[in-house]
Amino acid sequence: MAWLRFETPFGPMALEGETALTRLWLPGTLPDLCGKGEETPLLRAAREALMAYFAGERRDFDLPLDPAGTDFQRAVWEALRAIPYGGTRTYGEIAAAVGRPKAVRAVGQANHVNPLPIFIPCHRVVGKGGALTGYAGGLDLKRALLALESGKECL
């Protein structure tokens, strides 16, 4: 599997994928990867898209994604992709959107194992009342991504 490690304004990240993206590692979640990896056209395009997003120049992504997951997880991830840039939804709203209104904890678990954060924007999911809850990259990164999308310096 091809992978590429690179620096971002938030710290080092890495991408993985051959014909579609399969993984984005956030700062603090990178496995022990030796070297920089392989800069394939897909991984280069994904890195450039992320950097444009971080610069506030891009709001969505049109890259091929192939996250590994169960049917339920994939349904949740599709619901996350429907959350507009700058918007948020609660775990309960996502559970209802996938037709499982009582599966709020399962939605949280699907977010937790999302292999393509940012591309599949699990950072846009908040707790009841708008509370910031867990994020694989940490709450500081979640807060920064939401602030970036809202146009505010900080949340």
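Separation of segment 1-26 from segment 60-132 is 20 Å, based on Cα centroids. Listed from fewest to most Cβ neighbours within 10 Å, the set 5, 44 follows the order 44, 5.
As a ratio to 2.2 N^0.38 Å, the alpha-carbon radius of gyration for the chain is 1.00. Stretching residue 132 away from residue 51 to a fully extended chain increases their span by 26.8 nm, per 0.36 nm per residue minus the current alpha-carbon distance. Output the 0 to 90 degree angle, nearest 10, between the alpha-carbon long axis of helix 139-150 and the longest principal axis computed from the alpha carbons of the chain. So the inclination is approximately 90 degrees.
With the simple model of a label 7 Å out from the Cα in the direction of the Cβ, residue 63 to residue 44 spans 1.4 nm. For Cα pairs less than 8 Å apart in space and 6+ apart in sequence, what is the mean separation divided by the residue count of the chain, i.e. the relative contact order in percent? Result for the chain is 20 percent.
Rule-based calculations on the coordinates, nothing more; no lab input. Computed from a predicted structure; not experimentally measured. We place every Cβ from the backbone using ideal geometry, glycine too, and count neighbours over all the protein chains shown.
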